[in-house]
Amino acid sequence: VGLYLWGGRADENYQPFHMWELRLRAGKAALSNLRCRITTLTQTRQIQKQGPWKILGNLAANAALDFDYRLGGPIFNVYQVELLWHNDKAESKETYLAWDRFTPPVVVSQFANSSYLLVINQNFDYDAAKRTAAVSYVLWNIGGQAGHDVLQTIHFKDKMDKDVATFDFAPEKGVVP
């Protein structure tokens, strides 16, 4: 239900680090043996840095738990938060994914029956003399179904945030697996 992320240039060993401060709230059932792990990912969805499982203990029904998680490593674009717990019947797991450090993570399982497209690692190179721009980004589909009839519109804006040009891009056959 809540998250705050910050980073430091160096820890006591002069290594960069990031600190997550999270607030979890249990649903109608109590959770036992609750654990959390955070992993940063590269633009190709490979593990960049994976932290250890942090044991959070038990959480009563409808109760909230605040905790922090510290992970060393370089700057990242994407991170995921994994939660494991036991409830009345079995072990359960949920994964949350955020495509930048400023976006709250989304529950990945909620897109199991649909597509959900993310644009990450956006970049551009503007040549003022030629008045041209090269734009690059990575397109992910974190849903359980292919995205069909996909059309992306790239907006080029001026200093006043007004569109000066647009460009439509459709992936091959409009499909993102």
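The values are calculated or read from the model by the stated rules, or taken from the named source; none is laboratory data. These numbers were taken from a predicted model, which means no experiment stands behind them. Backbone-built Cβ (ideal geometry, glycine too); neighbour counts: all protein chains shown. Note: accessible area is taken over every heavy atom of the protein model, side chains too, but ligands, DNA and RNA are not part of it. Shrake-Rupley method; radii C 1.70, N 1.55, O 1.52, S 1.80 Å.
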Filtered residue count, segment 116-136, keeping only those that are open to solvent by less than 90 Å² (accessible area, probe 1.4 Å) and of a type in the set (Phe, Trp, Tyr): 1
Where a residue in segment 17-46 is more than 15 Å from GLU82 (Cα to Cα) and at pLDDT 90 or above and its partner, wherever it lies, is hydroxyl-bearing (Ser, Thr, Tyr) and surrounded by fewer than 17 Cβ atoms within 10 Å (Cβ to Cβ), with Cβ under 6 Å and at least six apart: none
Failed item in (1) open to solvent by less than 90 Å² (accessible area, probe 1.4 Å); (2) under 24 Å from THR39 (Cβ atoms), with GLY174 passing the rest: (2)
Considering residues of segment 53-66 that are open to solvent by 70 Å² or more (accessible area, probe 1.4 Å) and closer than 20 Å to LYS28 by Cα only, the residue nearest to the chain's Cα centre (by Cα): ASP66
Candidates ARG101, ARG131 - the one that is under 26 Å from HIS18 (Cα atoms), modelled with pLDDT under 90 and of a type in the set (Lys, Arg): ARG101
Test: residue in segment 67-86 that is farther than 19 Å from ARG23 by Cβ and more than 21 Å from the chain's Cα centre (by Cα): yes
Boolean, SER109 is within 24 Å of THR153 (Cα to Cα), surrounded by fewer than 15 Cβ atoms within 10 Å (Cβ to Cβ), of a type outside the set (Val, Ile, Thr) and out of contact with any Leu (no Cβ under 6 Å at 6 or more places or on another chain): no
Members of segment 77-98 found to be open to solvent by 50 Å² or more (accessible area, probe 1.4 Å) and more than 26 Å from LYS28 (Cα to Cα), listed by number: ASN77
Lone unmet requirement of (1) farther than 30 Å from ASN33 by Cβ; (2) open to solvent by 60 Å² or more (accessible area, probe 1.4 Å) for VAL150: (2)
Single residue of segment 13-52 satisfying the filter (among the small types (Gly, Ala, Ser) and open to solvent by 20 Å² or more (accessible area, probe 1.4 Å)) that is nearest to LEU118 (Cα to Cα): GLY27
